[in-house]
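Quick one: the structure is below, and I'll ask about it shortly.
The values are calculated or read from the model by the stated rules, or taken from the named source; none is laboratory data. Because the structure is predicted, anything quoted here is derived from the model rather than measured. Neighbour counts are summed over all protein chains in view; Cβ atoms, including those assigned to glycine, are modelled from backbone coordinates with ideal geometry. For the accessible areas, the whole protein counts, side chains as well, though only heavy atoms, and no ligand, DNA or RNA atoms are used. Shrake-Rupley method; radii C 1.70, N 1.55, O 1.52, S 1.80 Å.
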Amino acid sequence: MKGKFITVEGSDGSGKTSFINFATEYLKEKGYKVITTREPGGTEFSEKVRELLFDSSNDIDAKTESLLFCASRRDHIVKKILPHVNDGYIVICDRFVDSSVAYQSYGRGLSKQDILNINSYATDNLEPDLTLYFCVDVEVGLARTKNRDDNNRMDQESLDFYKNVKRGYDDLSRENTERIKVIDASDTYENVQKKALAILEGFLNNEL
């Protein structure tokens, strides 16, 4: 049986990574074959690209950044995502193309169509079967992350940058209502977890 490719999106501090960890263990206990991964990253090559992208000492222009994300994504798809999906796994990925649109187009100001085009080329038009978008006010998300030990180059942007990123995610969720399901991540962690899990289980029960 062919697996499923599920992505989890949202601004930093939305709680998406915590949910991924919870959902992975939950689904494994239910008997599913599950693997989690992240972008940028997921393969040896892509993790090296991640280091370049997130190193605060690197001065990278917006187009270089977008192309590095695409190179990392291509390697990730070929070596990890598709092989596991084809082997019957549920692949849960922390970020995918939606992040590139939100951050590089809405955040950096690059052409949205250009970002879509280069990602279409890099992914062979691969789309997730389901995307969970953890939606939270920018100020709330940033407050949750300010004391993190692993803040990086992408965490040094202005409040306006993050507001533009959220606007990008909001637009994408309205443009892709069948694929992207919105979760109000400003609620308590328990309620957010419950709502997101209900969507995920409903999808799997209908699709697998």
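Need a quick list: strands (runs of 3 or more DSSP E) entirely within the range 1-94 having at least 3 residues that are crowded, with 21+ Cβ neighbours inside 10 Å.
Values: elements: 4-10, 34-38, 90-94.
Fully inside the range 1-94 and qualifying: 4-10, 90-94.
Looking for something in contact (Cβ under 8 Å) with a residue 12 or more places away in the chain, among the hydroxyl-bearing types (Ser, Thr, Tyr) and in contact with an Asp or Glu (Cβ under 6 Å, 6 or more places away or on another chain) - is there at least one such residue anywhere in the range 44-60?
The answer is yes; a qualifying residue exists.
Looking only at the range 106-122, how many residues end up being in contact (Cβ under 8 Å) with a residue 60 or more places away in the chain and surrounded by fewer than 23 Cβ atoms within 10 Å (Cβ to Cβ)? Full working, then the answer.
Narrowing the range 106-122 to residues in contact (Cβ under 8 Å) with a residue 60 or more places away in the chain: 106-107.
Filter once more, keeping what is surrounded by fewer than 23 Cβ atoms within 10 Å (Cβ to Cβ): 106.
Residues in the range 106-122 being in contact (Cβ under 8 Å) with a residue 60 or more places away in the chain and surrounded by fewer than 23 Cβ atoms within 10 Å (Cβ to Cβ): 1 in total.
State which residue pairs qualify: first residue part of a loop (DSSP other than H, G, I, E, B) and inside the range 180-191, second residue surrounded by fewer than 18 Cβ atoms within 10 Å (Cβ to Cβ) in any location, beta carbons under 7 Å apart, and separation of 6 or more residues or different chains.
Ser186/Asp137; Ser186/Val140
Any chance you could count how many residues in the range 1-43 are without any contact (Cβ under 8 Å) to a residue 60 or more places away in the chain and either at positive phi or within 11 Å of the chain's Cα centre (by Cα) (or both)? Break it down stepwise before answering.
First, the residues of the range 1-43 that are without any contact (Cβ under 8 Å) to a residue 60 or more places away in the chain: 21, 25, 28-31, 33-38, 40-43.
Adding the requirement that they be either at positive phi or within 11 Å of the chain's Cα centre (by Cα) (or both) leaves 31, 37-38, 40-42.
The qualifying residues number 6.
Go through the range 172-208 and give me each residue that's among the acidic types (Asp, Glu) and either over 17 Å from Ser14 (Cα atoms) or open to solvent by 80 Å² or more (accessible area, probe 1.4 Å) (or both). So that I can check it myself, show each step before the final result.
First, the residues of the range 172-208 that are among the acidic types (Asp, Glu): 175, 178, 184, 187, 190, 201, 207.
Hits for the range 172-208 are Glu175, Glu178, Glu190, Glu201, Glu207.
Same structure again: Just name the residue that is modelled with the lowest pLDDT out of those in the range 145-180 that are among the β-branched types (Val, Ile, Thr) and touching a helix residue (DSSP H, G or I) at 6+ places or on another chain (Cβ under 9 Å). Show your work before the answer.
Looking only at the range 145-180, we keep the residues that are among the β-branched types (Val, Ile, Thr), and these are 145, 165, 177, 180.
Right, trim to touching a helix residue (DSSP H, G or I) at 6+ places or on another chain (Cβ under 9 Å) and you get 145, 165, 180.
Numbers: Thr145: 70, Val165: 95, Ile180: 98.
Once the filter is applied, the top-ranked residue is Thr145.
Look at the range 92-112 and say how many of its residues are under 19 Å from Arg179 (Cβ atoms) and over 12 Å from the mean Cα position of the chain (by Cα).
Of the residues in the range 92-112, 3 are under 19 Å from Arg179 (Cβ atoms) and over 12 Å from the mean Cα position of the chain (by Cα).
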